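Accompanying notes for the structure given below.
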Amino acid sequence: MGMTDIKLNHLAIVVDDMDAALRFWRESLGLTQAGDVQSVPAEAVDIAFLTLGDAHIELIRPTTADSGVAEYLAKRGPGMHHLCLEVPDLDAKLAQLGESGCELINESPRERDGRRYAFIHPKSAGGVLLELYEAIPTVPKE
């Protein structure tokens, strides 16, 4: 797996006001929203994606006061939350990172919306919360 196999999927920004954030990114900057705002109860967030070339900006708003994202927002305020890279083989990449001593937040991937994903602790990524994505192949119906 060379560096060319890894690409930027999205940059995530935590927000306290989804409507105001969407107005800025859509109206002030002219980005196109990709789909509707989605509620993700398992993560206690609402999310929205904006198209930026081949990648996206993800806006994340906590929906409870006690989630990890809510704690992040309370501690640091709105701003950059994480960087997401797409990899061709998530299991192999997680194994490689684990063997090299990286601290993994998710030892095994989670799944949502046709993707498998896992987070790498900022301690191991130069202070950046890093998410790795892998698209789940779709099997065509016969």
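Quick note: the coordinates plus some simple rules give every number you see, no bench work behind them. Only a predicted model underlies this, so the values are computations on that prediction, with no experimental measurement involved. Virtual Cβ from ideal backbone geometry, glycine too; neighbours counted across all protein chains shown.
Selection within region 96-108: residues that are within 14 Å of Leu85 (Cβ to Cβ) and touching a strand residue (DSSP E or B) at 6+ places or on another chain (Cβ under 8 Å). The member of this set that is surrounded by the most Cβ atoms within 10 Å (Cβ to Cβ) is Leu97. Quick one: Lys75 ticks every box in (1) in contact (Cβ under 8 Å) with a residue 12 or more places away in the chain; (2) closer than 26 Å to Ala125 by Cβ; (3) part of a helix (DSSP H, G or I); (4) basic (Lys, Arg) bar one, so which box is it? Going through (1) in contact (Cβ under 8 Å) with a residue 12 or more places away in the chain; (2) closer than 26 Å to Ala125 by Cβ; (3) part of a helix (DSSP H, G or I); (4) basic (Lys, Arg) one by one, Lys75 breaks only (1).
Taking each residue of region 4-31 that is part of a strand (DSSP E or B) and looking for partners that are among the small types (Gly, Ala, Ser) and surrounded by 14 or more Cβ atoms within 10 Å (Cβ to Cβ) with beta-carbon atoms closer than 8 Å, six or more apart or interchain, yields Lys7/Ala55; Leu8/Ala55; Asn9/Ala55; His10/Ala55; Leu11/Ala55; Ile13/Ala21. Taken over region 84-116, the criterion of being charged (D, E, K, R), over 17 Å from the mean Cα position of the chain (by Cα) and in a helix (DSSP H, G or I) is satisfied by Asp91, Glu99.
Restricting attention to region 130-138, does a residue exist that is in contact with a Lys or Arg (Cβ under 9 Å, 6 or more places away or on another chain) and in contact (Cβ under 8 Å) with a residue 60 or more places away in the chain?
Of all residues in region 130-138, those in contact with a Lys or Arg (Cβ under 9 Å, 6 or more places away or on another chain) come to 132-136.
Remaining after also requiring in contact (Cβ under 8 Å) with a residue 60 or more places away in the chain: 133.
Yes, that holds for at least one residue.
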